[in-house]
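Worksheet: the structure to be examined is printed underneath.
Readers should treat all values here as calculations from the given coordinates under stated rules, not as data from a laboratory. None of the values given here were measured: they were computed from a predicted structure. For neighbour counting, all protein chains shown are included, and Cβ atoms are generated from backbone atoms with ideal geometry for every residue, glycine included.
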Amino acid sequence: MTAGPAMADTIGTTTSLTLQSSRVVAGLEPDFAMSVDINATEGSWSIEAGSPATGTIGLCGGQLPAQTRCSMQPGALPPGNYNLLAIYNGSENFGRSASGLVPLTVIAQQPTSTSLSLSAATVVFGHEDSEVLGVLAHGDTGNLVEEGTATVLLGSAPLSPRCTSMSLFGGGNSCGLTASELQPGTYQLTGRFDGSQNFASSTSAPQALTVVAPQPTTTSLTLSAPSVPFGSEQAETLTATVTPAAGGTPTGNVTVKAGATTLCTIALASATGKCTLTAGQLPPGSYPLTATYSGDGTYATSADTTQTLTVAKEPTTTNLALSADTIAVGGEQAELFTVQASPATSGTPTGNVTVKAGATAVCTIILANGTGNCTLTSRQLARGSYQVTATYNGDTTYASSTSSPPQTLTVTRR
């Protein structure tokens, strides 16, 4: 369109049109600024677009002097090529004028570029969960893409569910792997912006991620003693040492178990560490031990199963007291034997004590609170002198013991 001739009593004008860019993405037209420059102080103006396919389409306009900028409505122009024209409609004092044609291309989607970042180029197998993968998408004008999703690809397939269709925030998002997700090897990863209504999809340059096998280790466990009395387990010291195959200093923990029972966890310092047991932690018995190194970001797990710990029954002492050293035949029932079974540390032995005169058992005492007594029966022993002992027979916790020295009992005639 061209401006009509100016009225004789109006001032001639010129109009120019400036676009924010020669291209706009369909749907983003409200953010696309168009400016006019008119050497007039009053009157209205408008901007229109034309193409052979659509004809003339009015886009927006304004009123001088307040307005010199406008933008079109979303979807105002279908994707295609247009010539835009700004028209000043003139006023009582200023004549009409029009700008030259300014080309504008409306594209369906804005091109994008995508980048992929790795928190580390190398990760140890079993510790892939320490790796963070970041995807960032930009529009071709440098703006961050604030819509759509992104995916990390291994080859042409998504790497993992957690790295698939990640919503973009601030132009990007990140994801992590799971432990043991990738076997040792080198992988080419790419980040893909999946595209949206206004932005075209794009894929990053490949990034290499190398998963290395953990360095082998050997774990050794040593005991301060192969056997420890029950109740005195705190005297047992367990020492664990982890030795790598190719040098270095493993970190982490070694867990020592007796069967399914965890005895202690050793925190390594300079690849070694110690722990002690607690009193009463294991009942008497023999226990094969397993010391397992948990591994760290560089070193593999390993275990030692060569050690056996024996928890012995707690030692005891048995005391015997006679009510008399001499008794008469037929009056043996007056003799009272009193016994006491005492542990080396603490607790109360249970079970029974056998009292013997020489090799002959004369009575059995059931312990109560570690003590008890018994008497002879009439004419149980013939006249003579006897060496009397008391033997505690032990229980599941406490070891047997015999009184010492023997007590002498003399049986005389009436």
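Fraction of C-alpha pairs exceeding 19 angstrom in region 316-412: 36 percent, rounded to a whole number.
Computed extension gain for E92 through A208, at 0.36 nm per residue and net of the alpha carbon distance, reaches 34.7 nm. Once the Cα-Cα distance is subtracted from the 0.36 nm per residue extended length, the A269 to T326 segment shows a gain of 13.7 nm.
Plugging the Kirkwood radius over Cα pairs into Stokes-Einstein for region 15-107, at a temperature of 20 °C and a viscosity of 1.002 mPa s, what D comes out in µm²/s? D, rounded to a whole number, is 162 µm²/s.
Annotation for T278 and Q20: the two label points, set 7 Å from Cα along the Cα-Cβ direction, are 6.9 nm apart. Taking a straight line from the alpha carbon of K274, these aspartates and glutamates sit under 20 Å away, with near neighbours fewer than eight places off in the same chain left out: E233, E236, D296, D304. Mind jotting down the distance between the C-alpha centroids of region 36-70 and region 182-224, whole Å? Spelled out, the Cα-based centre of one part sits 55 Å from the other. Across the chain, the fraction of Cα-Cα pairs farther apart than 33 Å, rounded to a whole number, is 68%. Spread over its residues, the convex hull of the C-alpha atoms of region 112-212 is 81 Å³ per residue. Ranking of V102, V124, V355 by neighbouring Cβ atoms within 10 Å, starting from the fewest: V102, V124, V355. For the pair Q63 and T306, the difference between a 0.36 nm per residue extended length and the Cα-Cα distance amounts to 78.1 nm. Counting every alpha-carbon pair across region 217-312, the share separated by more than 15 Å comes to 55%.
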